[in-house]
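Here is the structure we will look at.
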Amino acid sequence: MAEVNGPEKLDISKDTSSLGSPELLHVLAVDDSFVDRKFIERLLRVSSCKVTVVDSATRALQYLGLDGDNSSVGFEDPKINLIMTDYSMPGMTGYELLKKIKESSAFREIPVVIMSSENILPCIDRCLEEGAEDFLLKPVKLADVKRLRNSLMKADERAFKNIIHKRELQANDIYSQLKRAKI
């Protein structure tokens, strides 16, 4: 009869994979204003984020492969952790982009932050009701970016710990089944 050892507890406290590696936090920044795009890009890079910037909601949809072609032609892997978009843009607004992202099964879980220089409560409420993570007034401050980054990292860490916990429970269950079967 083979000996069955108990499942080992996974130690994630020393894990140096994706969590705690700030350079892996990838933000898609969407703004039609060149100056605002450069400003938010710089704030995000100073906060140790990887940044992809695009100049329109349509271009963001292309990057995500949600433009109908299901391709992100001209872009690398669209694995992103956060989308920050201007509210008021020509063509498609940030609100319309938010709705399209939240309708997508592939991207609905990605937090979307709306930015605007206009402090109009009905617009803010509408975005938050549609699923926006936050609504930031421009000019966005470094403190806003750091707060967003920290809350995303904590959420990722909680999700990772939940996955590990589920795997530990599954391993315990398998161990119990094997023990009962006396394999």
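The values are calculated or read from the model by the stated rules, or taken from the named source; none is laboratory data. Treat the numbers as computed from the prediction; the structure is a model and nothing was measured. Here Cβ is always computed from backbone atoms with ideal geometry, including for glycine, and neighbour counts include all displayed protein chains. All accessible areas refer to the heavy atoms of the entire protein, side chains included, with ligands and DNA or RNA removed. Shrake-Rupley method; radii C 1.70, N 1.55, O 1.52, S 1.80 Å.
General observations
- In this structure, PRO122 does satisfy being over 15 Å from ASP86 (Cα atoms) and at pLDDT 90 or above.
- In the condition set (1) among the basic types (Lys, Arg); (2) modelled with pLDDT of 80 or more; (3) more than 16 Å from the chain's Cα centre (by Cα); (4) surrounded by 12 or more Cβ atoms within 10 Å (Cβ to Cβ), LYS161 is compliant with all but (2).
- Of all residues in the range 16-34, those satisfying the criterion of being open to solvent by 60 Å² or more (accessible area, probe 1.4 Å) and either assigned to a loop (DSSP other than H, G, I, E, B) or at pLDDT 95 or above (or both) are THR16, SER18, GLY20, ASP32, PHE34.
- Of the residues making up the range 55-83, those that are of a type in the set (A, V, I, L, M, F, W, C), in contact with a Gly (Cβ under 9 Å, 6 or more places away or on another chain) and modelled with pLDDT of 80 or more are ALA57, LEU61.
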